[in-house]
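Here's the structure we're looking at; comments come further down.
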Amino acid sequence: MKAVDAIKIMKDMMEAGNSQDYEKFASFFTDDCVYEDVPNGKVWHGMKEFIPFAKLLHAAGPDHKWELKSAFSDGNKIASETVWSVTFTHSSDPERPATGKHVSIRGVSITELRNGKICRNSDYYDALSLRQQLGLSPETPLLPETPSK
């Protein structure tokens, strides 16, 4: 695959995620994909695990936006710089009350493709800065548990 095609897959996947079209979003991933949030030690295996979490994030902040700033690729792997922003307006977890604060955080993703689909993605970002922007204490878990299936 050409590098430009790989980067287009990443861009299109982010647009689908931003639109909350979860069926389209899932179509960019292999069934056995691994999605990793490195700062929080969370790993989702397959879209059946990850989609409920993505829905939970959108419920917490419907204005969620994921923006691709730059990327490079060898055709099979992509390194991308992104900006993620959201206003934390809803929480179903009493240990993580909604703060109403808007946050914007830069991150880096390392993404691997197999047969034109994402088979692995690892996100890296400054979780402490995110907690501070949200008005959460360092002890407050940043990510909610994914709802049971």
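Figures for the structure shown
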| quantity | calculated |
| --- | --- |
| The chain: translational diffusion in µm²/s, Stokes-Einstein, Kirkwood Rh over Cα pairs, 10 °C, 1.306 mPa s | 101 |
| Residue (of Ile118, His45, Ala6) at the positive-pole extreme of the chain, dipole from beta-carbon charges | Ala6 |
| MRE, 222 nm, helices only [DSSP H, n ≥ 4, -39500 (n - 2.57), over the chain, to nearest 500] | -9000 deg cm²/dmol |
| Cross-link pairs beyond the 24 Å C-alpha cut-off, checked among Lys11/Lys48; Lys65/Lys117; Lys2/Lys24; Lys65/Lys101; Lys77/Lys101; Lys8/Lys69 | Lys77/Lys101 |
| Integer Hz, Karplus 6.51/-1.76/1.60 couplings in order for region 124-135, x for Gly and Pro | 10, 7, 7, 5, 5, 4, 4, 4, 4, 5, 6, x |
| Under-5 Å amide H pairs with Ala98, H placed in peptide plane, nonlocal only | Ser91 |
| On Cα atoms only, tilt of 3-19 relative to the major axis of the chain in degrees | 30 |
| Whole-Å distance, taken between Cα centres, linking region 1-75 and region 87-105 | 21 |
| DSSP beta bridges in region 1-133 [antiparallel fraction, %, rounded to 5] | 85 |
| From phi via Karplus (6.51, -1.76, 1.60), per-residue ³J(HN,Hα) for region 49-60 in Hz, x at Gly/Pro | 8, 7, 4, x, 5, 4, 5, 5, 5, 5, 5, 5 |
| Net dipole in debye of the chain [+1 Lys, Arg Cβ; -1 Asp, Glu Cβ; about Cα centre; nearest 20] | 200 |
| Rel. contact order, % - alpha carbon contacts under 8 angstrom, at least six apart, region 3-134 | 26 |
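Taken together, the values in this text are just the output of simple stated rules run on the coordinates, not laboratory data. This one's a predicted model, so the numbers in the text were calculated from it and none came from an experiment. Neighbour counts run over all protein chains shown; Cβ positions are idealised from the backbone, glycine included.
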